[in-house]
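Engineer: One structure follows; several queries about it will come next.
Rule-based calculations on the coordinates, nothing more; no lab input. Being a predicted model, the structure only gives us computed values, none of them experimental. As a convention, Cβ positions derive from the backbone with ideal geometry for all residues, glycine included, and neighbour counts pool all protein chains shown.
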């Protein structure tokens with residue numbers, strides 16, 4: 001940017017700080033009524049202005065400059081906090097973009113703030129706004145990922161039904177990610193409990209697509225590699241039709257109508273194994 | 001590279017793979033086992049792979065070969081202790097352990113091998129000690 | 001996978017059986033550092049083992065270049081296998097399950113591809129082979 005001198009910008013902001021802050025604060029309070037208190041907004045704005053002026057004094061002109069490391073950190077923290085508190089994207093962005101209201105007071109004054117300086121500052125505020133928005137989106141994504149993971153953990157309990165028999169009752173829609181988590185958890189439980197029988201009950205599953213069916217089959221094959229047998233129980237009529245229609249080969253994988261049938265079969269197999277040993 | 005030790009427990013040969021195997025060491029183990037089965041007349045081979053962090057196609061083929069060789073020499077092979085992550089990976093890789101029996105741990109593996117001893121025709125008809133070797 | 005710049009690279013020669021083991025161990029260490037799940041670590045290491053062996057047997061030796069990756073929240077590991085061997089003429093055939101030019105099971109390339117998130121291969125007869133794989137934390 002030709003002509004825009006960082007030190008000069010810092011000087012302008014510093015000398016007109018009171019006016020800028022007042023206009024900025026008013027704009028934010030109008031927009032965020034009830035969301036934040038005046039004193040809190042004032043404190044946040046004070047911190048942002050300090051960091052902005054500090055960065056300019058160190059020669060920064062674009063937000064990506066190293067001089068603005070502190071400011072970027074501050075904005076990132078602020079956006080993350082707002083995302084957690086449930087602020088809307090607009091409410092978050094407005095807190096920064098409203099700084100322009102403060103800058104417009106400069107245009108109306110007679111102390112000769114040049115157009116070039118004003119444009120540089122406005123452009124910098126645009127950068128701040130975009131950065132805030134990006135940080136907000138990233139924070140929201142992180143929250144969603146976290147919740148999805150927690151949900152995944154909660155929704156896949158592996159229970160011990162009997163000595164040597166564990167079961168996982170699946171409820172709700174199965175997607176690839178969830179099926180994979182179930183698979184890993186079930187196999188680990190086999191090792192941890194020394195169980196040679198696993199039952200995957202899909203009574204509560206409304207639909208099965210090719211991918212999910214493949215994951216279930218892979219689980220059964222993996223369990224076999226480890227030395228355990230897997231039974232799939234609770235296949236609803238519609239799902240049975242889908243499986244056949246999709247041409248999914250269940251091969252020699254044992255299926256049972258209900259969880260109870262599967263348990264009886266597992267116990268019987270256990271019994272045979274025991275009597276064979278004598 | 002050191003060879004993998006083979007232990008003899010009754011009529012069973014016991015191998016516990018504890019280190020990341022070089023291909024050469026794996027081939028050596030295959031040869032050693034064939035040798036020991038004939039030498040000892042073992043009826044069972046138990047391979048504990050709970051120490052293995054991966055089973056790739058080479059190790060998978062070694063396990064299948066060992067099972068095939070022992071079958072020809074009239075012994076049963078059981079592979080025990082495969083980790084869940086290893087099993088999942090093998091399935092994804094498309095690797096099957098043809099002709100290999102599996103069990104969760106050493107104890108269950110030994111249990112699978114034992115009936116073969118006591119019900120062998122020799123033992124039943126002649127009352128010979130199955131652990132003769 | 002070109003959009004992400006590697007943080008640091010580590011080069012390992014592949015000239016012997018023992019080198020294949022060393023590549024496996026180095027990939028495992030990186031995958032742990034990049035916080036890959038245990039299953040994803042195992043898949044990546046297994047793929048690396050298959051490819052390192054390919055480099056040794058079919059490529060006549062070469063090297064593996066390991067690097068850590070970052071992309072926002074996610075971290076990952078990339079491994080590139082290079083050799084100056086005869087290269088692969090019919091890539092489609094080589095990528096088919098069960099096809100092998102040696103005495104393997106024919107799961108090397110096609111199997112390795114299923115075990116990782118990203119897979120690229122660059123080869124031509126007489127021009128060597130370059131296979132790049134990468135996996136990411138969840």
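Engineer: Can you give the Kirkwood hydrodynamic radius of the protein assembly as shown from its Cα pairs, in Å with one decimal?
Structural biologist: 28.1 Å
Engineer: Name the shape class, rounded, prolate or oblate, that the alpha-carbon gyration tensor gives for the range A:115-272, where a ≥ b ≥ c are the square roots of its eigenvalues, rounded holds for a/c under 1.5, and otherwise prolate holds if a/b is larger than b/c and oblate otherwise.
Structural biologist: Taking the square roots of the gyration eigenvalues as a ≥ b ≥ c, the range A:115-272 is prolate.
Engineer: Also, quick follow-up: Running a GNM on chain C with Cα contacts under 10 Å, which residue among C:39, C:65, C:79 ends up with the highest mean-square fluctuation?
Structural biologist: Looking only at C:39, C:65, C:79, the largest GNM fluctuation is found for C:39.
Engineer: Kindly work out what percent of the DSSP beta bridges joining two residues of chain A are antiparallel, to the nearest 5.
Structural biologist: 20 percent
Engineer: Averaging sequence separations of C-alpha pairs under 8 Å and six or more residues apart, then dividing by the length of the range A:108-254, give the relative contact order as a whole percent.
Structural biologist: Once normalised by length, the contact order is 19 percent.
Engineer: Under the Kirkwood approximation applied to all pairs of distinct alpha-carbon atoms, what is the hydrodynamic radius of the range C:38-103 in Å?
Structural biologist: 13.6 Å
Engineer: Between helix A:6-15 and chain A, what is the angle of the helix's C-alpha long axis to the longest principal axis, kept within 0 to 90° and rounded to the nearest 10?
Structural biologist: With rounding to tens, the tilt is 80 degrees.
Engineer: Given the Cα atoms of the range C:9-136, and with Rh set as the inverse mean 1/r over their pairs in the Kirkwood sense, what is Rg to Rh to two decimals?
Structural biologist: A ratio of 0.96.
Engineer: If you don't mind, another one. Which of A:264, A:96, A:168 moves the most in a Gaussian network model of chain A with Cα springs under 10 Å?
Structural biologist: A:264
Engineer: In 5 Å bins starting at 0, how do the alpha-carbon pair distances of the range A:31-96 split up by percent?
Structural biologist: Per 5 Å bin, starting at zero, the Cα-Cα P(r) for the range A:31-96 comes out as 3, 17, 25, 23, 16, 10, 5, 0 percent.
Engineer: According to the Cα gyration tensor, what semi-axes, each the square root of 5 times an eigenvalue, does the equivalent ellipsoid of the range A:145-210 have, listed from largest to smallest in whole Å? Present the calculation step by step, with values, prior to reporting the outcome.
Structural biologist: Details: eigenvalues 88, 40, 19 Å².
Over the Cα atoms of the range A:145-210, the ellipsoid semi-axes are 21, 14, 10 Å.
Engineer: Mean separation of Cα pairs under 8 Å and 6+ residues apart, divided by the residue count of chain A: what relative contact order is that in percent?
Structural biologist: RCO, chain A: 14 percent.
Engineer: Shifting gears a bit: Counting only Cα atoms, I'd like the Rg/Rh figure for the range B:6-126, Kirkwood definition for Rh. Walk me through the numbers on the way to the answer.
Structural biologist: Values: Rg = 14.2 Å, Rh = 14.6 Å.
Radius of gyration relative to Kirkwood radius: 0.97.
Engineer: Return the single residue from C:126, C:59, C:72 with maximal mean-square fluctuation; model: Gaussian network over chain C, springs between Cα atoms under 10 Å.
Structural biologist: C:72
Engineer: Does the range A:230-274 classify as rounded, prolate or oblate by the C-alpha gyration tensor (a ≥ b ≥ c root eigenvalues; a/c under 1.5 gives rounded; else a/b over b/c gives prolate, otherwise oblate)? Don't skip to the answer; put the middle values down first.
Structural biologist: Working: a/c = 5.60, a/b = 2.05, b/c = 2.73.
Here the range A:230-274 falls in the oblate category.
Engineer: Just check the range A:193-278 against the gyration tensor rule for me: Cα atoms, a ≥ b ≥ c as the square roots of the eigenvalues, rounded for a/c under 1.5, and otherwise prolate or oblate depending on whether a/b exceeds b/c.
Structural biologist: prolate
Engineer: When a footprinting reagent is the concern and you count Cβ atoms within 10 Å, what order do A:226, A:119, B:112 take, fewest first? It would help to have the intermediate numbers written out before the result.
Structural biologist: Values: A:226 25, A:119 14, B:112 20.
The fewest-first ordering by Cβ neighbours comes to A:119, B:112, A:226.
Engineer: Using 1/(1 + (r/R0)^6) with R0 = 30 angstrom and r between the beta carbons of residue A:246 and residue A:185, what's the FRET efficiency to the nearest 0.05?
Structural biologist: My answer for the efficiency is 0.70.
Engineer: Helix A:210-226 sits at what angle to the longest principal axis of chain A, using alpha carbons and giving 0 to 90 degrees rounded to 10?
Structural biologist: Helix A:210-226 sits at roughly 60 degrees to that axis.
Engineer: Return the tail of the calculated pair distribution for chain A, meaning the percent of Cα-Cα pairs more than 35 Å apart.
Structural biologist: Tail of P(r) above 35 Å: 48 percent of Cα pairs.
Engineer: Starting from the Cα of residue B:96, step 7 Å along the direction of its Cβ; do the same at residue A:210; then give the gap between the two resulting points in nm.
Structural biologist: Inter-label distance under the simple model: 2.1 nm.
Engineer: While we're here: Compute the orientation-averaged projected area for the range A:6-150 from the convex hull of its Cα atoms and round it to one decimal in nm².
Structural biologist: Working: hull surface 34.3 nm².
Orientation-averaged projected area of the Cα hull: 8.6 nm².
Engineer: Relative contact order, percent, of the range B:6-126 when contacts are C-alpha pairs under 8 Å separated by at least 6 residues?
Structural biologist: Computed over the range B:6-126, the figure is 25 percent.
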